[in-house]
Structure formats: structure tokens, C-alpha cells
Amino acid sequence: MIRTRRDLLEEIGDSSSLSDLFNSWSEEQREDFLDFCTGSKGVKILYDSFFKEIMNPETTPERLERLLSLILKQQVKIHTILPTDNSRIADESSLLVMDILIELEDGSLANIEVQKLGYKFPGQRCACYSADLLLRQYKRIRGEKKKSFSYKDIKKVYTIVLFEKSGRIFHKFPDVYLHHMKQKSDTGLEIELLQEYIFIPLDIFQESLQNKGIKSDLDAWLTFLSTDKPEWIEGLIHNHPEFIPMYTDIYELCRNTEKVMELYSKELSLLDKNTVQLMIDEMQDTIDGQKGTITQLQGTVDGQKSIIDDQQGTINKQKEEIEELRRQLESQK
């Protein structure tokens, strides 16, 4: 079912619109497209468009349910796909690859995100996302139940973040690629608090994969999500044939040249936007750092001026004392 490079190029060449789109990409981007369409390497599953095609919770909910069950370590059944709320945290798309919000069978919310660079997604931002999810659930349920509303109707919210490139703090735990966090009392008091977080640094998982291989069902899923190397894909479907239908769907999609080019172009546009945003963020960080350095230097200069003024005052006082001693000597003479 996988086409040859020659066949694919001929089909693109026969259409002026596809040729124009193909030629608008850089050489590296064209090669990347040809590689995954001809099976030289796998598709990057975590591209937003591809992930939503393959892991669509409306058409194939069992796939996402299985992944979430392994991550949350409990049986998950998807109940509703909630629409994106345009009023949530303003312009939080920077470096975002994927964002899916779902409601689980017990009413809990799960927000699944993929971030390109982990250091741009600190804990504070994650906490704001979680608070936003909790508030949205509160408003929705209170609106539905009205006077019969009780705070006990509010269910847990899970914020699940997969990092393609994780921040430095994750690399302090080189053997851990799933961090599950929740609020806990230091006295042992148990109160049901509703916010939980799961961080999955896929770059650390890849290092573990190279050293130890696939050891569990979760490892198999993270391999599916994070690798485009044919040798790993071959080993994955050999030992875990449940992924064969997903790869079949991927290459059925790749046979539709016009659609897959549109999806790929959309991803490139998003990545370009994110690259620009990253450059802006980094330039702003540099400017903020320079401002801090200038402020620090100014404080140092002001401090040195104060020291110089003090020293000048001491010198002037010593000059006055010397003059007084001279007058006393003259008087004694």
C-alpha cells in the first residue's frame, strides 16, 4: 500500500496546485514529506493533524481510552468530547502541538497537550491550565444543576502534558519518564482535592528506549507516539500487533496525496508560527536579562559612588585635622 517516491512525485507534478504547494516548502521539508509518504521513515504521530486523525476520540475512542488508562493507571471510558473554549487562557498556543479536552465517564476532565519545548511550559502555567479546566467544569455543572448544585458534583481534572523536548529539571531524573503529581497533606489528613498532573518527557523516554527497549504496554504506546524510525516501528508491530490498524490508517491517509499535503502544510505553518514565537520569547528573555544586568550594574555603580563619597568625606576630615595640627605647631613655635 506504500507508494514509491517516483509515483508520488509524478502525482504531485500532474497537479499545478500540489506542485505549487510542494515547491513552497524547503528542500528539507520536501524530503521529510517524501520520506514518510514512501515509508522511508514513520509519520510524526504527535503532529496535531495526524494525531487527531489516528486517535480521533469520536471515531476510534478505544485507542485514546487505552492510552489514558495506561497513563492514569485506571480504566478510562470517554464520555464526551468537549469543544475548545476560546475564552481560556489568552494566546497559549505558543509551541503547542496538540490540545485535546475530553470528559471521562465519571465526569472527570482530561486535557492532553503536547509541547515542543518543556522549558516554555513551567509548573505555574500548568497550574493555570488546571485551574481553568476546574472553573470551566464548575460553571458548566452549576448551570446544568442550578439549585440542586453541590460542590461534590465537581470531578477531578487531569492535565497531561507530553514534552518532545523536556526542561532541565526533568533530566535530574534520567530514569523516570512519567511524573504523576497531586496535592497532599503533610500531616496525613485526607481531603479530596481535584487537580492532578501527569508530565511525560518523551526525550527521556527515548533514551530509556535505546537502553532498555519496550518493557510494558505504556512503553509501546510512547514508542508509537515518539518514534519515526522504521526499525523501531517494525519491532513495535511485531511484538504489539494492536498497532497495525493504526499504522494502516496512517498510510491510508498518506495515499490521499492532496489531504496529507494539506495536513503537512498546516503543521509546517504552525511550526513556523511557533518558531517565530519562540524567537520572540527568547529575545524577550534576553532583553529582560540585560535589563536585570543593567539594573545590577547601576546598583553597583551607585554603591561605589557612595563608597567614594564616604572616602572623600574621610579625606576632607583628615585634611582639616592636619591643618589644625599645623596651626598648633606654629603656635607652639
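The values are calculated or read from the model by the stated rules, or taken from the named source; none is laboratory data. Keep in mind the model is a prediction, meaning the values are calculated, not measured. Backbone-built Cβ (ideal geometry, glycine too); neighbour counts: all protein chains shown. Quick note on the areas: whole protein, heavy atoms, side chains included, nothing else; ligands and nucleic acids left out. Shrake-Rupley method; radii C 1.70, N 1.55, O 1.52, S 1.80 Å.
Figures for the structure shown
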read-out	value
Whole-Hz ³J(HN,Hα) from phi, Karplus 6.51 cos²θ - 1.76 cosθ + 1.60, for the range 106-114, glycine and proline x	7, x, 5, 9, 10, 10, 9, 10, 10
The range 122-177: Lys pairs at Cα distance under 22 angstrom, eight or more positions apart or on different chains	10
Solvent-accessible ranking of VAL114, VAL301, largest area first, probe 1.4 Å	VAL301, VAL114
Estimated FRET transfer efficiency when R0 is 45 angstrom, pair SER331-GLN290 (beta carbons, to 0.05)	0.15
Eligible lysines near LYS212 by straight Cα distance, threshold 17 Å, same-chain separation 8 or greater	LYS229
Of TRP221, TRP25, TRP232, the one that fluctuates the most in a GNM where the chain has Cα springs shorter than 10 Å	TRP25
Between the range 193-223 and the range 135-174, the alpha-carbon center distance in angstrom	21 Å
Qualifying trypsin sites (Lys or Arg not before Pro) in the range 100-198, DSSP loop, other Cβ atoms within 10 Å at most 11	LYS184
Base-10 log of normalised Debye intensity for the range 120-242 (one unit scatterer per alpha-carbon) at q = 0.15 Å⁻¹	-0.84
Correct choice for P(r) over Cα pairs in 10 Å bins from 0, in percent that was computed from the model, options (1) 6, 29, 37, 21, 5, 1, 0; (2) 5, 19, 25, 20, 11, 6, 4, 4, 3, 2, 1, 0; (3) 6, 24, 30, 23, 13, 4, 0	(2)
Inter-label distance for GLN298 and ILE81, nm, one decimal - labels placed 7 Å from Cα along Cα-to-Cβ	5.3 nm
Rounded to 10°, Cα long-axis angle of helix 202-212 versus longest principal axis of the chain	70 degrees
Diffusion constant of the range 1-46 at 25 °C, which comes from Stokes-Einstein with the Kirkwood Cα-pair radius and 0.890 mPa s, µm²/s	221 µm²/s
Rounded to 5, the percent of DSSP beta bridges in the chain classed as antiparallel	50 percent
3J(HN,Hα) from dihedral phi, the range 44-51, Karplus parametrisation 6.51/-1.76/1.60, rounded to Hz, x for glycine, proline	6, 4, 7, 4, 3, 5, 5, 4
Between the range 282-324 and the range 8-50, the Cα center-to-center distance that results, in Å	61 Å
